[in-house]
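Only one structure is covered here, and it is reproduced in the block below.
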Amino acid sequence: MKKWISLFFVLALGQISFGQTSNGHASRYVFSPSGFGIEKDSAYLNVVGPLIDFQYGITDNLSVGIGTPLFLGVYGTASYHAQISDKISFKTGLLAGVPTVGRGTFLLPFAVGTYGSPDNQFSVGVGYTSFNNDDIEINGAALNIGGYHKMGSRIGIVYEAWYLPETETAIITPNFRIYTNRDRRYWNFGFANFAQRQYDYEYAILGYDINGDGFVDTQDPNLGGLAIYDYNNPIKTKGSWGRFILPTITFAMYL
Ligand SMILES: [Ca+2]
C-alpha cells in the first residue's frame, strides 16, 4: 500500500497543473473525497450524521480541514489536488486525529484519482487507516470508490463504497443529491449498507462428563452425560455476511 501511495505522489508531482475548476460540490461524495478540490477561499461544512467536518481552500491546490466524529475526538486534514489531464484529477492528503479523552492517534493517509467532469465523475481511492491507543491497535488498508452523476440542475446521484480487507468489512451508500439554492446546501438522501464477513465456529467434542464435575469421563455418547467441547481449538467453518442497513441524510453547506 505504501508503495502505491508513493507512486501516486510521484505521478502527481510530475504533472502538476494549475487552473483547477470546480462547480457544485464536486470535491466530496458522502464522506470520501474526489480528485477535485475546492477553490481558494472556498469553505464548506460537511455533516455526515455525528461526523462534522470543515474544509477550507488555502490556495487553488491546497485545502485544510478540521473535524470531529461524535465529539469523541478531533482531527485535522491537509490535502493537495491537481488536474492531471482533461479528464483526470488527483488528490492526496492526510487525516490525523486524537481522541478527546485519553491517549491515542488516528492516521489516514489517502490518495484518490478521479475520471470525468465535476458533473459526471468516478473515483478510485486508497488509504491506510491506523488507530492506536493504550488498548487497541488497528491498522489496515482502506479501498474505496465513489461517483457523482448529474441528472438535472438541482439533482444527481451520488454513491460511495468502502472495503476494509483487514476486517472484511464493506460499506455501500447510494444517495440522491439535491441542491437547495437558498442556503447553498447539498443534501444526500440515501442509505448505508454495512456488511461484515462473519464466521461460524465448530468445536471438536472431547468427550462426556457423566458425574457433573466438569471433567471428561468417557468418549462413549451412549453412556449419557454432558458433552465437553474443546473450546481452546475452535475450527473456523463457513463464512456469511452479517449486515445492517441505515437510512442516511447528510449535507454539505458552503459558507
Ligand atoms: Ca466427570
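Taking (1) within 23 Å of Thr129 (Cβ to Cβ); (2) in contact (Cβ under 8 Å) with a residue 40 or more places away in the chain; (3) not hydrophobic (A, V, I, L, M, F, W, C) in turn, Ser240 satisfies each apart from (1). Residue count for the range 97-122 under the criterion of being within 21 Å of Ala170 (Cβ to Cβ) and surrounded by fewer than 17 Cβ atoms within 10 Å (Cβ to Cβ): the result is 1. In the range 170-185, the residue that is nearest to the ligand (Cβ to nearest atom) out of those that are modelled with pLDDT under 95 and not β-branched (Val, Ile, Thr) is Arg185.
Any chance the range 123-145 includes a residue that's outside any strand (DSSP E or B), exposed (fewer than 14 other Cβ atoms within 10 Å of the Cβ) and not charged (D, E, K, R)? Yes - at least one qualifying residue is present in the range 123-145.
Would you confirm whether or not the range 215-225 contains a residue that is closer than 30 Å to Tyr163 by Cα and either surrounded by 12 or more Cβ atoms within 10 Å (Cβ to Cβ) or within 16 Å of the ligand (Cβ to nearest atom) (or both)?
Quick first cut of the range 215-225, residues closer than 30 Å to Tyr163 by Cα only: none.
Checked against the condition, which is being closer than 30 Å to Tyr163 by Cα and either surrounded by 12 or more Cβ atoms within 10 Å (Cβ to Cβ) or within 16 Å of the ligand (Cβ to nearest atom) (or both), the range 215-225 yields no hits at all.
The set of residues in the range 146-173 that are under 13 Å from the mean Cα position of the chain (by Cα) and under 12 Å from Phe122 (Cα atoms) comprises Gly146, Tyr159, Glu160, Ala161.
The values are calculated or read from the model by the stated rules, or taken from the named source; none is laboratory data. The structure displayed is predicted, hence computed values, not measured ones. Cβ: placed from backbone, ideal geometry, glycine included. Neighbour counts: every protein chain shown.
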